[in-house]
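To keep things clear, I will list the structure first and then write my remarks on it.
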Number of protein chains: 2
Amino acid sequence: MRIYNSKAAPNARRVRIFLAEKKLDLPMTDVDLGLLEHKTPSYSDINPFQGVPALVLDDGAVIAESVAICRYFEELHPEPPLFGTGARGRAEVEMWQRRLELYLFMPVALAFRHSHPAMRVLESPQLPEWAEVNRARALVGMARFDEALREREFIAGDAYSIADITGLVALDFTRPAKIAIPESLTHLRRWRETLAARPSAAA
Amino acid sequence: MRIYNSKAAPNARRVRIFLAEKKLDLPMTDVDLGLLEHKTPSYSDINPFQGVPALVLDDGAVIAESVAICRYFEELHPEPPLFGTGARGRAEVEMWQRRLELYLFMPVALAFRHSHPAMRVLESPQLPEWAEVNRARALVGMARFDEALREREFIAGDAYSIADITGLVALDFTRPAKIAIPESLTHLRRWRETLAARPSAAA
């Protein structure tokens, strides 16, 4: 097995943190997004949708999309469970994962893509007004996650999960997106510090 | 249990089709998005993120986000399996589900939200240029899904899955979004007809 990875892509970092939490070590090939390597015919043969990361299995089959890659390893290596346990637990992790994607990760990514000079080629046309709308949405999302974290350690409950990984990656992505995390969101900041202190955060 | 539903929301339709495929019948309460009922304090008590649908369990706990609701019922009623079977099958369904969301459902939704007069209040400011970018992206996505469907009946393989539900709902959503499905995409059109012919499509 081999993972096509990008040091710069937040979605690839989600997979790297997930694998670190599972204590799995996979061979990786870097795809240089700045050089548009993900748009080349050879990479398009691996993933026609041109997204990074992608996992190539030993028989040549490809699993793309970061959460699909994580789910594959969850099935192969169920411990520690990172997608929740039991019907309700798994639904709750899915709910928080989706909320973090829709109300934090995506607005932050859109703010970045529509404002950062490095994204002029990949996101064309850049729409500064759309970046501003998404900065504001990310702040609304942050306030709601802060409230949810008031009474629990991790976003989906007592146990660390893939939803926390999505949260950490999204919060770290606020810096290049030029979104300041308000000082007043003390639960969100405590959560981020807890997640950032885990060895997996370096992945 | 009760589902807070919207006849107008594509995400709510995903859940209704899923439940129909599982032959499950749940009490539903309609939330009128046109009247902004999902923004009221009473609905925000159910779902602070103000999304529809939401599932309220008998003990009052809430599972929001359409895919999380579907996953909960998959866990309770595993047959027929709609999230795939086996490690690889489940990863493949997750991959196609994500691809359909990112490269079809979302561009179609963004084209709709940023161009349709009915969305002037909910999506403010509307950015017509962003609608056009997303119309073009939806067409690129459609061509890729058409290619993937060349040699198989359903998008994730031989079995119908939640990814097909996402595809049908997204394709039906092209009409209000004013995106024509090209005649040349014969595999995509055959797929849509197959899905639309299932009794669940009326849900």
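Details
- Set B:Arg98, B:Arg189: member being open to solvent by less than 40 Å² (accessible area, probe 1.4 Å) and in a helix (DSSP H, G or I): B:Arg98
- Of all positions in segment B:117-132, at least one carries a residue that is open to solvent by less than 30 Å² (accessible area, probe 1.4 Å), facing chain A (nearest Cβ under 8 Å) and not in a helix (DSSP H, G or I).
- Subset of segment A:41-88 that is assigned to a helix (DSSP H, G or I), small (Gly, Ala, Ser) and crowded, with 19+ Cβ neighbours inside 10 Å - its residue that is nearest to the other protein chains (Cβ to nearest Cβ): A:Ala68
- All of (1) closer than 21 Å to A:Thr194 by Cα; (2) crowded, with 20+ Cβ neighbours inside 10 Å hold for A:Asp172 with one exception: (2).
- Residue count, segment B:52-76 (criterion: farther than 17 Å from B:Leu19 by Cα and in contact with a strand residue (DSSP E or B) (Cβ under 6 Å, 6 or more places away or on another chain)): 1
- Beta carbons closer than 9 Å, at least 6 apart along the sequence or on distinct chains, pair a first residue in segment B:159-173 that is farther than 18 Å from B:Leu139 by Cβ and of a type in the set (Asp, Glu) with a second that is open to solvent by 10 Å² or more (accessible area, probe 1.4 Å) and in a helix (DSSP H, G or I) for B:Asp164/B:Trp96; B:Asp164/B:Thr194.
- Residues located in segment B:64-100, provided they are in contact (Cβ under 8 Å) with a residue 24 or more places away in the chain and aromatic (Phe, Trp, Tyr): B:Phe73, B:Phe83, B:Trp96
- The set of residues in segment A:1-40 being surrounded by fewer than 17 Cβ atoms within 10 Å (Cβ to Cβ) and in contact (Cβ under 8 Å) with a residue 40 or more places away in the chain consists of A:Met1, A:Arg2, A:Leu24, A:Gly34, A:Leu36.
- Of the criteria (1) free of Cβ contacts under 8 Å to residues at least 12 places away in the same chain; (2) within 10 Å of chain B (Cβ to nearest Cβ); (3) not polar (S, T, N, Q), which one A:Val140 fails: (1)
- Only one of the listed residues (B:Glu92, B:Glu101) is farther than 27 Å from B:Phe112 by Cα, out of contact with any Leu (no Cβ under 9 Å at 6 or more places or on another chain), among the charged types (D, E, K, R) and within 12 Å of chain A (Cβ to nearest Cβ). That residue is B:Glu92.
- In segment A:135-169, residue surrounded by the most Cβ atoms within 10 Å (Cβ to Cβ) [restricted to those that are among the charged types (D, E, K, R) and under 14 Å from A:Val108 (Cβ atoms)]: A:Arg135
- Inter-residue pairs, beta-carbon under 7 Å, first free of Cβ contacts under 8 Å to residues at least 60 places away in the same chain and in segment B:108-132, second surrounded by 14 or more Cβ atoms within 10 Å (Cβ to Cβ) and among the hydroxyl-bearing types (Ser, Thr, Tyr), 6+ apart: B:Gln126/B:Ser115; B:Pro128/B:Ser115; B:Ala131/B:Ser115
- Any hit, segment A:124-132, residues being of a type outside the set (Gly, Ala, Ser) and farther than 25 Å from B:Asn134 by Cα: no
The values are calculated or read from the model by the stated rules, or taken from the named source; none is laboratory data. Not measured: the values here are computed from a predicted model. When we count neighbours, we look across all protein chains shown, and the Cβ atoms used for this are built from the backbone with ideal geometry, even at glycine. Keep in mind that these areas ignore ligands, DNA and RNA; they rest on the heavy atoms of the full protein, side chains included. Shrake-Rupley method; radii C 1.70, N 1.55, O 1.52, S 1.80 Å.
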